[in-house]
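To start, the structure itself, in structure tokens.
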Amino acid sequence: MIQELIRLVRRQPEPAHMIPEAIKFLVTQEGVAADGAELAHLLSWKVADPATALSFFSQMYKPNPYTAQYAVKCLRSFTADQILFYIPQLVQV
């Protein structure tokens, strides 16, 4: 079922772009490694939580300009107090 959701969101990301949790169906390790064209939709995707944003800087994903831009956009949308909890993860990046 998850593979079908991934396929659907990657094929037609527009209906899901307002659901931050759907980002995990658009951005996959395989899609980032292949530099999939669907990653361009990240630029208009709804902001996700800081943990999700930081995961795009982890070694789990190959470096990619779209995931990096999206992660920065997400992190900038939170206040300093909200991000304070994530400082250890930011330093590791």
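Looking only at residues in the range 1-19 that are part of a loop (DSSP other than H, G, I, E, B) and not β-branched (V, I, T), which one is most open to solvent (accessible area, probe 1.4 Å)?
My answer is M1.
Give me the pairs, please: first residue somewhere in the range 71-83 and part of a helix (DSSP H, G or I), second residue anywhere and of a type in the set (A, V, I, L, M), beta-carbon distance under 6 Å, and either six or more positions apart or on two chains.
Sorted first by the residue in the range 71-83, then by its partner, the pairs are A71/A53; C74/V47; C74/A48; C74/A53; L75/A53.
Can you tell me which residues in the range 28-43 are in contact with a helix residue (DSSP H, G or I) (Cβ under 8 Å, 6 or more places away or on another chain) and over 10 Å from I6 (Cβ atoms)? Steps first, please.
First, pick out the residues of the range 28-43 that are in contact with a helix residue (DSSP H, G or I) (Cβ under 8 Å, 6 or more places away or on another chain): 28, 31-32, 36, 38-43.
V32, G36, E38, L39, A40, H41, L42, L43 - these are the residues of the range 28-43 that are in contact with a helix residue (DSSP H, G or I) (Cβ under 8 Å, 6 or more places away or on another chain) and over 10 Å from I6 (Cβ atoms).
Which condition does K24 not pass, out of (1) open to solvent by less than 40 Å² (accessible area, probe 1.4 Å); (2) under 24 Å from R76 (Cβ atoms); (3) out of contact with any Leu (no Cβ under 7 Å at 6 or more places or on another chain), if it passes all the others?
(1)
Return the only residue of F85, F56, F78 being aromatic (F, W, Y) and open to solvent by less than 30 Å² (accessible area, probe 1.4 Å).
Result: F56 is the single residue among F85, F56, F78 that is aromatic (F, W, Y) and open to solvent by less than 30 Å² (accessible area, probe 1.4 Å).
Name the residues in the range 61-70 that are in contact (Cβ under 8 Å) with a residue 12 or more places away in the chain and open to solvent by 60 Å² or more (accessible area, probe 1.4 Å), would you?
Selection gives K62, Y66, Q69.
Within the range 27-53, can you find the residues that are buried (at least 19 other Cβ atoms within 10 Å of the Cβ), more than 8 Å from the chain's Cα centre (by Cα) and part of a helix (DSSP H, G or I)?
Those that are buried (at least 19 other Cβ atoms within 10 Å of the Cβ), more than 8 Å from the chain's Cα centre (by Cα) and part of a helix (DSSP H, G or I): G31, L39, H41, P50.
The values are calculated or read from the model by the stated rules, or taken from the named source; none is laboratory data. Please read these numbers as outputs of a predicted model, since none were measured by experiment. FYI the Cβ positions are ideal-geometry reconstructions off the backbone, even for glycines, and counts take in every protein chain you see. In case anyone asks, the SASA skips ligands and DNA or RNA and just uses the protein heavy atoms, side chains included. Shrake-Rupley method; radii C 1.70, N 1.55, O 1.52, S 1.80 Å.
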